[in-house]
Amino acid sequence: MKRTSLMLPETLKARAEKRARQEGVSLGALIRRALEERLDAVLPAEEEDPFFADSTVWSGAVEDDLSRRHDDYLYDGADHDGVGRR
């Protein structure tokens, strides 16, 4: 495990400490479990996503700005009318 520091609002920290005491676990264990549950629920692994599993659709790494610049990647920088953007 890697040690990590994070900033929490006082009220959130107090609520988390109370919940950890109620459950009989450490604050760190409560935070790790909550973070893992949230990430599993919201961000499915790439290998579980049918889009990424289909190598005909996609192969390789995903660019950081893919959602913002998808037209640039799909159409080599051209707008829908074929005129390039600057």
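Readers should treat all values here as calculations from the given coordinates under stated rules, not as data from a laboratory. It should be emphasised that the depicted structure is a prediction, and the values quoted were computed from it without experimental measurement. No Cβ is skipped: glycine too gets one built from the backbone with ideal geometry, and neighbour counts run over all protein chains shown.
Expected output is a single nm value to one decimal: the length gained when fully extending between L39 and R19, i.e. 0.36 nm times separation in residues minus the C-alpha distance. What is it?
Full extension from L39 to R19 adds 5.2 nm.
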Practice problem: Work out how much length E63 to L8 would gain on full extension: take 0.36 nm times their residue separation and subtract the Cα-Cα distance, in nm to one decimal. | Solution: 16.7 nm
Quiz item: So what are the ³J(HN,Hα) numbers for segment 13-20, from phi and the Karplus equation (6.51, -1.76, 1.60; θ = phi - 60°), rounded to whole Hz, Gly and Pro as x?
Solution: 5, 4, 4, 5, 4, 4, 5, 4
Exercise. Determine, for each peptide in 4-13, 21-30, the mean count of other beta carbons within 10 angstrom over its residues, then list the peptides with the highest first.
Key: 21-30, 4-13
